[in-house]
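Read the structure below first, then the notes.
Each value in this text was obtained by applying a stated rule to the coordinates, not by laboratory testing. What you see is a predicted model; the values in this text were computed from it and never measured. Cβ coordinates were reconstructed from backbone atoms using ideal geometry, including for glycine residues, and neighbour counts include every protein chain displayed.
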Amino acid sequence: MKASIFPTLQYAAIAIMACALAACVDSRPPGSDYLADVGGLVRHEASGGPHHPAPAIPDDISYWSGDDVSGKPLIKINRSEQKASFYKGGVLVGVSRISSGKEDHGTPPGMYKIKEKDKDHKSTLYGVFKDKLTGKTINDNVDIRVDKIPPGAAFYNAPMPNFMRFADGIGMHTGYLPGYAASHGCVRMPHEMAEKFFENVQIGTPVIVE
């Protein structure tokens, strides 16, 4: 019996180790998962907001306590920690988990101000291609400046609710959070936090990107 049990245990241990290693590898095909529902039915709820799936990891960072606090607003975006902090009159009133620009589309550091607010903004550059007949997504990471619309397909602009522009082509907005920097330069936030930030900023609100 012992001779037959040990090989089985060895194989089980190898299988467990293989699964653990696989969990550390991002095996998803390239693309921007947060656009999965663009142009179709909304299948995901809550923290991801309209058209956006829920965060890939639990959000134990985000909170808001600024409804009854007055003072001039200020936002600090920390790219290394992947979080944004909201201040009123120098008092920290909210923190949000974020996903900033990935390496080849980095969110630029610097001092900015909110230039535009658009509750129902859509990207003019990024989105998805879907088959007109079936509605199936053909390409979920489209840059319309580079990618040509295939025959029989249609382009759907990426939704960016609660958009707060602070630099050329870059802003904060509701978006998918995979747990790391993954955007085209914008700062994605959980839907509830993007709404709170949107409601409490004005044109001219300072934004510091570190």
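When Lys and Arg each count +1 and Asp and Glu each count -1, what net charge do the other residues less than 12 Å away from residue 168, Cβ to Cβ, add up to?
Its environment carries a net charge of +1.
Would you mind checking the pairs 119/148; 76/113; 76/102; 102/130 and listing those with alpha carbons more than 23 angstrom apart? Intermediate values should be presented prior to the final figure.
Working: 119/148 29 Å; 76/113 11 Å; 76/102 18 Å; 102/130 25 Å.
Result: 119/148; 102/130 exceed 23 Å.
Taking every DSSP beta bridge that has both ends in region 65-164, the antiparallel portion is near 100%.
Run through the DSSP bridge list for region 120-210 and note the antiparallel percent, rounded to the nearest 5.
85
Tell me the relative contact order for region 63-210 as a rounded percent, counting alpha carbon contacts under 8 Å between residues six or more apart. List each step's numbers first, then the result.
Values: 350 pairs, mean separation 47.3, N = 148.
Value for region 63-210: 32 percent.
Taking 0.36 nm per residue of sequence separation and subtracting the Cα-Cα distance, how much length would be gained by fully extending the chain between residue 102 and residue 67, in nm to one decimal? Present the calculation step by step, with values, prior to reporting the outcome.
Details: separation 35, 0.36 × 35 = 12.60 nm, distance 3.21 nm.
Fully extending the segment from residue 102 to residue 67 adds 9.4 nm.
Within the shell of other residues whose beta carbon sits under 14 angstrom from the beta carbon of residue 78, the net charge comes to +2, with Lys and Arg scored +1 and Asp and Glu -1.
When the charge dipole of region 71-129 is built from unit charges on Cβ atoms (+1 for Lys and Arg, -1 for Asp and Glu) and taken about the Cα centre, the candidate among 95, 71, 112 whose Cα reaches farthest toward its positive end is 71.
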